[in-house]
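A short worksheet on the structure shown next.
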Amino acid sequence: MAERPEPTAPDSVPGLLVTERLFLRPPRESDLDAIFQACQDPEIQRWTVVPSPYRREDAEYFVNDLAVNGRRTGENLAWCVVERAGGALVGTQGLVRVPGRPGTAEVGWWATREHRGRGYTVEAARAVAHHAITELGLRRLEWTAYVGNEGSRAVAEKVGFRFEGTLRSYAEQRGEFRDSWVGGLLATDLATDLAD
C-alpha cells in the first residue's frame, strides 16, 4: 500500500489551491506510488489519455517532466488533489492553454476509484476554474470528454460548464480519433455563479 503524504501547510507550497476539504498542489515525488496505483484503474485508462498499460515510468514522466515544465512555462498546469484530512490522493486536475487561442485553456481531471462519488472532483474543478479566471485572467475554459463519459459530464455541468455540442472524430486517444463532447465556461458565467 502506498504511503500517504502528510498534509502540507497552505503557506508553504507555491501553486497551492485550497478548498473546504482539499489541497490542490503541484505533483511531487511522494505522489509517484499513488499516481501509479490510481492509473491502473481501467476506467481512468478508458476515459483519459494516460498510457495503457500505465507504467511507473509514466508516473515519473508526469511528475518530473510534464508537470514541472508545464508549470515553468505556464502552458500546462497540473495539480494533485489530496484530502486536507489525511493527505490521501483523490485525483488530479489539469489546465492546458490552447495554442492560437489567447485567453483559453482546456480543463481535465480524473478521480481515484475509492474517492469517486464524494463531490471531490467538483470541488477541485471549481477551484481550478475560479483560479484560471480570477487569478490567471483567462476568458474561456473548455471541457472535452469522449462521448459516453457521463461522470466527467456531470462534473462539468455542476461546475457551470455549458454543453456546446458533440465534435465528431475530434480527440485522439492512443492512435484512434473519438467523438467528443465539448462545453465552455466563460468569465461572465463564473461571475454570474459567484453572484448567485
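Condition (residue is exposed (fewer than 15 other Cβ atoms within 10 Å of the Cβ), over 17 Å from Ala111 (Cβ atoms) and under 15 Å from the mean Cα position of the chain (by Cα)) applied to region 37-52: is it met by at least one residue?
Taking every residue of region 37-52 in turn, none turns out to be exposed (fewer than 15 other Cβ atoms within 10 Å of the Cβ), over 17 Å from Ala111 (Cβ atoms) and under 15 Å from the mean Cα position of the chain (by Cα).
Got a number for residues in region 20-36 being open to solvent by 60 Å² or more (accessible area, probe 1.4 Å), closer than 20 Å to Gly119 by Cα and not basic (Lys, Arg)?
Residues in region 20-36 being open to solvent by 60 Å² or more (accessible area, probe 1.4 Å), closer than 20 Å to Gly119 by Cα and not basic (Lys, Arg): 1 in total.
Please work out if Val63 is of a type in the set (A, V, I, L, M), loosely packed, with under 13 Cβ neighbours inside 10 Å and touching a residue at least 24 places away in the same chain (Cβ under 8 Å).
No.
Residues checked against (1) touching a Phe, Trp or Tyr at 6+ places or on another chain (Cβ under 7 Å); (2) β-branched (Val, Ile, Thr); (3) more than 16 Å from Arg21 (Cβ to Cβ):
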position	(1), (2), (3)
Val68	no, yes, yes
Thr73	no, yes, yes
Cys80	no, no, no
Leu89	no, no, no
Ala105	no, no, yes
Thr112	no, yes, no
Ala129	no, no, yes
Glu135	no, no, yes
Arg140	no, no, yes
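Of everything in region 74-86 that's open to solvent by less than 80 Å² (accessible area, probe 1.4 Å) and either at pLDDT below 95 or in contact with a His (Cβ under 7 Å, 6 or more places away or on another chain) (or both), which residue is nearest to Ala156 (Cα to Cα)?
That would be Gly74.
Quick one: which of Gly148, Gly165, Gly117 is open to solvent by less than 40 Å² (accessible area, probe 1.4 Å), of a type outside the set (Asp, Glu), farther than 23 Å from Leu16 by Cα and part of a loop (DSSP other than H, G, I, E, B)?
Gly148
Give the residue that is farthest from Arg28 (Cα to Cα), with candidates limited to residues of region 120-145 that are of a type in the set (S, T, N, Q) and assigned to a helix (DSSP H, G or I).
Looking at residues that are of a type in the set (S, T, N, Q) and assigned to a helix (DSSP H, G or I), I get Thr134.
Among the residues of region 77-94, write down those that are outside any strand (DSSP E or B) and of a type outside the set (A, V, I, L, M, F, W, C).
Arg84, Gly86, Gly87
Going through Leu190, Leu141, Leu185, Leu167 one at a time, which residue ends up being out of contact with any helix residue (DSSP H, G or I) (no Cβ under 9 Å at 6 or more places or on another chain) and in contact (Cβ under 8 Å) with a residue 12 or more places away in the chain?
On inspection, the qualifying residue turns out to be Leu167.
Specify the residue that is nearest to Asn149 (Cα to Cα); the eligible residues are those in region 176-195 that are modelled with pLDDT of 95 or more and of a type in the set (Gly, Ala, Ser).
Ser180
The values are calculated or read from the model by the stated rules, or taken from the named source; none is laboratory data. On a predicted model such as this, the values are computed, not experimentally measured, just so you know. Note that each Cβ is placed from the backbone with ideal geometry, even for glycine, and that neighbours are counted across all protein chains shown. Only protein heavy atoms, including side chains, enter the accessible area calculation; ligands, DNA and RNA are left aside. Shrake-Rupley method; radii C 1.70, N 1.55, O 1.52, S 1.80 Å.
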